[in-house]
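Only one structure is covered here, and it is reproduced in the block below.
Each value in this text was obtained by applying a stated rule to the coordinates, not by laboratory testing. Keep in mind the model is a prediction, meaning the values are calculated, not measured. Every residue, glycine as well, gets a Cβ built from its backbone with ideal geometry; the counts of neighbours run over all protein chains shown.
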Amino acid sequence: MEPKNNSCLFIKPKVSNSENINKLRNELPTVERAIHDSGLQLTEKYPQGLVADDDITSDKIRTVYESGYYCIDVNLYKNETFFPLSPYLCYYMSICHSIGNRTILFCNSGDHLNYNMRRHHTIVYTDRLELVEKFQEIIQSIHNDNQIPDNPVQEYLKEHATKLEMQELKEKLKQRETIEKAQQNKILFRRVA
């Protein structure tokens, strides 16, 4: 599925302690630059980013569906939740992954991410310039070939769709063979009669 537009929704976790608030606040200018330098624009409705909190509304979900690209902060923010990533952030990430091949995850250490999350359009960066450059490369790769799955959900759907298509083809061939046999039997029956 091709992007609907050039808007990029920045999704960030909800943080509460001052260290994490500052860390997240410092990420925004870099994310803005990466999005802008890639020819995209931040989603108008959430120019500072959509906060993935427990307030999951149809309005937020609609914004996700109406956006063309997704940039998700998967940095490890200590002492925020029991889990490495907020369950609410994972919820929004799942929606993005189900929509298509245009989700970009970023963090400054990927140790807390499993292999399937790290291998698909995930930027693990050491400095902000590296984040901007890698973001541009990923956007370019999405524009060049958006058929390559960029997340585990799309990988599954592509494989499953292929299997379903093959199964449908086999069923159609069986139906055709059955019809041809029936027609042959009808011709033989007429000859005998």
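When peptides 41-53, 107-119 are sorted by average Cβ neighbour count within 10 Å, with the highest value leading, the order is 41-53, 107-119. Here the peptides 68-76, 9-17 are ranked by packing, the mean other Cβ count within 10 Å, and the order with the highest first is 68-76, 9-17.
Contact order for the stretch 7-144, expressed relative to its length and based on alpha carbon pairs under 8 Å spaced 6+ residues apart, stands at 30 percent. Compactness check for the chain: Cα Rg over 2.2 N^0.38 Å is 1.44.
Our summary gives the stretch 104-151 a relative contact order of 40 percent, counting only alpha carbon pairs under 8 angstrom and 6 or more residues apart.
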